[in-house]
1. Before anything else, pin down the relative contact order of the chain: Cα pairs under 8 Å, at least 6 apart, normalised by residue count, whole percent.
2. Please state, rounded to one decimal and in Å, the Kirkwood hydrodynamic radius that the stretch 77-187 gives when every pair of distinct Cα atoms enters the mean of 1/r.
3. What is the spin-label model distance, in nm, from GLU347 to THR227 if the labels are put 7 Å beyond Cα along the C-beta direction?
4. Based on DSSP H runs of at least 4 residues, each adding -39500 (n - 2.57), what is the mean residue ellipticity at 222 nm of the chain after dividing by all its residues, to the nearest 500 deg cm²/dmol?
5. Please state the relative contact order of the stretch 155-234 as a whole percent: Cα pairs under 8 Å, 6+ residues apart?
6. Bin width 10 Å, origin at 0, all Cα-Cα pairs of the chain: what percent of pairs per bin?
7. What whole-number distance in Å separates the alpha-carbon centres of the stretch 293-341 and the stretch 220-276?
8. Report, ordered by chain and residue number, the lysines lying within cross-link reach of LYS172, taken as a straight Cα distance under 30 Å and ignoring same-chain residues fewer than 8 apart.
Amino acid sequence: IRVLGIETSCDETAASVVALDDASAPPRILSNVILSQVEEHAAFGGVVPEIAARAHVEALDGIIEAALADSGVTLAEVDAVAATAGPGLVGGLIVGLMTAKAIAAAANKPLIAVNHLEGHALTARLTDGLAFPYLLLLVSGGHTQIVRVAGVGDYRRWATTIDDALGEAFDKVAKMLALPYPGGPNVEKAAANGNPSRFAFPRPMKGSAQPDFSFSGLKTAVRQAATAIAPLSDQDVADICASFQAAVADALADRVARALHRFRADYPGKAEPALVVAGGVAANRAIRETLERLCAEKGFRFVAPPHSLCTDNAAMIAWAGIERLNAGKADIDAFDFAPRSRWPLDEVSAPLIGSGR
Ligand code: ATP
Ligand code: MG
Ligand code: FE
């Protein structure tokens with residue numbers, strides 16, 4: 001099976017061809033083209049939906065052509081077209097999904113509408129051949145979730161954020177400290193020279209019986225600390241970043257530990273349970289090391305797909321299309337499927353079985 005994937009839900013314009021030759025061989029990413037719009041949004045300190053949509057329109061055709069050319073596969077040799085249909089910024093979703101519909105209709109191929117979060121959820125099967133069930137921690141600019149992944153179309157969100165997404169918190173802290181956008185990598189860089197115990201920032205939700213995340217209180221504490229000692233020296237900024245990162249890692253570990261226990265209880269016989277991390281924040285070394293340690297402690301395998309496949313990309317969308325085709329859960333008549341800016345992963349569970357063409 002060969003599937004062309006298209007991703008335009010946020011600030012990456014991406015296309016990819018993924019192939020699965022037969023069930024016993026590992027899948028192959030034949031091409032994976034990504035154009036990041038980071039520079040176009042940098043001046044605004046965040047993603048501007050209108051700019052994003054326009055940039056997708058301008059770039060997408062060329063990105064798809066490049067993905068096909070790189071793969072050595074022609075459109076005629078592709079078995080289906082899979083596109084992100086949500087959740088995300090509706091302008092970008094319209095561009096990607098409509099383009100996919102046009103291509104699929106013109107080439108007489110099935111069209112598969114993919115949930116972006118399902119792409120993240122299934123990536124570890126593409127990269128590591130992971131077997132169901134497993135736990136996913138998704139930490140990005142728009143999402144902070146723990147999801148139990150038990151099969152294609154069988155997802156349960158165990159935890160989500162009640163306020164800011166974690167990547168968003170990194171970006172806002174960076175902005176307060178006048179560090180450049182995107183904030184995450186710059187906070188991490190500054191933290192490398194800082195003292196993580198200079199500021200005793202709160203660990204939101206730590207020990208709470210409720211499974212969710214929260215980051216806005218921590219963000220406020222950082223703002224208050226920064227205001228209290230302004231003007232900030234480079235060392236102050238470094239210490240704030242290091243202390244913020246330590247608080248985040250600690251709070252995350254508490255929430256994840258809770259989910260690991262629940263997974264153990266739900267699957268007592270599971271030989272090698274695994275935690276998968278995805279999303280841009282998963283690139284953070286301090287967070288990664290904390291989670292790795294936690295997993296080792298709790299007897300979980302820690303799976304971190306390569307960074308380029310953890311952040312938004314189209315290979316994960318093509319792969320989700322392949323998984324859906326294999327599971328018989330592809331809505332292969334998705335031509336009337338409208339983009340959904342809000343589309344929780346749990347709601348994907350209903351099998352999308354199309355009438356076929
Ligand atoms: P979505 O949430 O829809 O997946 P997104 O574009 O916001 O979309 P990603 O591209 O996966 O998500 O991740 C971007 C986020 O990751 C940004 O908020 C960025 O600050 C954060 N990030 C990237 N690198 C790091 C890092 N080293 N440490 C902490 N945060 C980071
Ligand atoms: Mg992004
Ligand atoms: Fe994403």
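1. 23 percent
2. Hydrodynamic radius (Kirkwood, Cα only) of the stretch 77-187 equals 16.2 Å.
3. Placing both labels 7 Å along Cα→Cβ, they lie 3.7 nm apart.
4. Only helices count here, giving -14000 deg cm²/dmol.
5. 38 percent
6. In order of increasing distance, the bins hold 6, 25, 32, 24, 11, 2, 0 percent.
7. Computed from Cα coordinates, the inter-centre distance equals 25 Å.
8. The qualifying lysines are LYS189, LYS206, LYS219.
Every read-out reported here was derived from the displayed coordinates using simple, explicitly stated rules and does not represent laboratory data. These figures come from a predicted structure and were not determined experimentally. No Cβ is skipped: glycine too gets one built from the backbone with ideal geometry, and neighbour counts run over all protein chains shown.
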